[in-house]
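Bear in mind that the values in this text are calculations on the coordinates, not laboratory data. Predicted, not measured: the structure shown is a model, and the values here were computed from it. For neighbour counting, all protein chains shown are included, and Cβ atoms are generated from backbone atoms with ideal geometry for every residue, glycine included.
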Amino acid sequence: AGELCCEAMPDGSLNFAVVRGTKGMRELTWETVPVPADVQAKPSFDFTFYGGQGYLAEPSTSFELFVDGVKAIDIPEVSLVSKTWSQNGYTLKYVRDSETMEMGWYTLTVPSDRLTPGRPVSLRIVAKVNATRRWFAVVAE
């Protein structure tokens, strides 16, 4: 689910899936690559992906991140600066890309005991309904 668009990159160089606080666009789900067989040898494992947040001119909304169906982190507001959110043993770090206004790198740290070796992880972002076009995006590969 999610909206596939290129609105922030007019040259079409990046396609990204967007979730917004508007009806019909509230959820975005994707799977990671399978985690390594030895994933539980360390206390946590990092997933990294490129994406963004934006549209500050619109009313505020919040987002929730789910990992394999379990609510992991609340993201209370869109951030145009680097930011870290931690909750329930999970951490989502967002590092703003200095070359763009609304894009950057996310690193999601998941406790290894919550991962199954050799299996991908299902990630889902859900926006609170608030009739807003503020967005959270993940670049589609």
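Summarising the amide proton neighbourhood of Asp97: residues at separation of 5 or more, or on other chains, whose placed amide H is nearer than 5 Å comprise Met103, Gly104, Trp105. For Phe16, nonlocal amide neighbours, meaning residues 5 or more places apart or on other chains whose placed amide H falls under 5 Å from its own, are Cys5, Ala140. Amide H contacts under 5 Å for Ser44: Ser112, restricted to partners 5 or more places along the chain or on a different chain, H placed in the peptide plane at 1.01 Å from N. Candidate values [x] 20, 17, 15; [y] 25, 16, 14; [z] 64, 12, 10 were compared with semi-axes √(5λ) of the Cα gyration tensor in Å computed on the shown model; the agreeing label is [y].
Here Lys128 is the anchor, and the lysines within straight C-alpha reach of less than 16 Å, apart from those fewer than 8 places off in the same chain, are Lys23, Lys71. Rounded to the nearest whole Hz, the Karplus-based 3J(HN,Hα) values (6.51 cos²θ - 1.76 cosθ + 1.60, θ = phi - 60°) of segment 112-128 follow the sequence 4, 6, 9, 10, 9, x, x, 10, x, 10, 8, 10, 9, 10, 10, 8, 5, with x at glycine and proline. Maximal additional length on extending the Ala131-Val33 stretch stands at 32.0 nm, based on 0.36 nm per residue less the C-alpha distance.
Each peptide in 28-37, 118-127 was scored by the mean count of other Cβ atoms within 10 Å over its residues; highest first, the order is 118-127, 28-37.
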